[in-house]
Amino acid sequence: MGHWLRRYVGNNKQADNDWFRLESNKEGTRWFGKCWYVHNLLKYEFDIEFDIPVTYPTTAPEIALPELDGKTAKMYRGGKICLTEHFKPLWARNVPKFGIAHAMALGLGPWLAVEIPDLIDKGIVVYKEKSAK
């Protein structure tokens, strides 16, 4: 993980505000983990995955939440979230300073905040109790 990403995750943990966990393959080209969103005091958790594009950092990673594939219009095939309107121009203006943490904080975070409550209200995303082991 890059220095900025480690610092971002560390700051969020200290503030009890962490909302994703990521790890990568040993080459750092494929990333995967979990992200979560709290709505009405319930924690909704989703698998997350993305590849680092060959043209990175010029091109932002395309973040995917595969289990939500086909459940919202704000998503491409394979569960890739739609970030074109606001995020891509922001990324383009900040190349090469932006990285994975920026994609999470400025791309996925706002997407979750808009889409997940709407999907919950429509009954498309339903809270799942975690079973105690």
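Looking at the range 80-103, can you tell me whether even one residue there is under 24 Å from residue 129 (Cβ atoms), within 15 Å of the chain's Cα centre (by Cα) and without any contact (Cβ under 8 Å) to a residue 60 or more places away in the chain?
no
Are there any pairs, at least 6 apart or on different chains, whose C-beta atoms fall under 9 Å, with the first in the range 19-42 and on the phi > 0 side of the Ramachandran plot and the second open to solvent by 30 Å² or more (accessible area, probe 1.4 Å) and basic (Lys, Arg), and if so, which?
33/21
Is there a residue in the range 45-58 that is touching a residue at least 12 places away in the same chain (Cβ under 8 Å), among the hydroxyl-bearing types (Ser, Thr, Tyr), open to solvent by 60 Å² or more (accessible area, probe 1.4 Å) and more than 24 Å from residue 18 (Cα to Cα)?
Yes, the conditions are met somewhere in the range 45-58.
Could you please let me know if residue 69 is among the acidic types (Asp, Glu), over 17 Å from the mean Cα position of the chain (by Cα) and either at pLDDT below 95 or farther than 22 Å from residue 18 by Cβ (or both)?
no
Kindly establish whether residue 44 is hydroxyl-bearing (Ser, Thr, Tyr) and in a loop (DSSP other than H, G, I, E, B).
Answer is no for this residue.
What do you reckon, is residue 48 modelled with pLDDT of 95 or more and in contact with a Leu (Cβ under 9 Å, 6 or more places away or on another chain)?
yes
Could you tell me whether the range 72-86 includes any residue that is out of contact with any helix residue (DSSP H, G or I) (no Cβ under 6 Å at 6 or more places or on another chain), within 19 Å of residue 127 (Cα to Cα) and open to solvent by less than 50 Å² (accessible area, probe 1.4 Å)?
Taking every residue of the range 72-86 in turn, none turns out to be out of contact with any helix residue (DSSP H, G or I) (no Cβ under 6 Å at 6 or more places or on another chain), within 19 Å of residue 127 (Cα to Cα) and open to solvent by less than 50 Å² (accessible area, probe 1.4 Å).
Taking the range 101-133 on its own, how many of its residues are touching a strand residue (DSSP E or B) at 6+ places or on another chain (Cβ under 8 Å), open to solvent by 20 Å² or more (accessible area, probe 1.4 Å) and among the β-branched types (Val, Ile, Thr)?
Within the range 101-133, residues that are touching a strand residue (DSSP E or B) at 6+ places or on another chain (Cβ under 8 Å), open to solvent by 20 Å² or more (accessible area, probe 1.4 Å) and among the β-branched types (Val, Ile, Thr) number 1.
The values are calculated or read from the model by the stated rules, or taken from the named source; none is laboratory data. Since we're looking at a predicted model, the values are computed, not measured. Cβ sites come from the backbone with ideal geometry, for glycine too, and all protein chains shown count toward neighbours. In case anyone asks, the SASA skips ligands and DNA or RNA and just uses the protein heavy atoms, side chains included. Shrake-Rupley method; radii C 1.70, N 1.55, O 1.52, S 1.80 Å.
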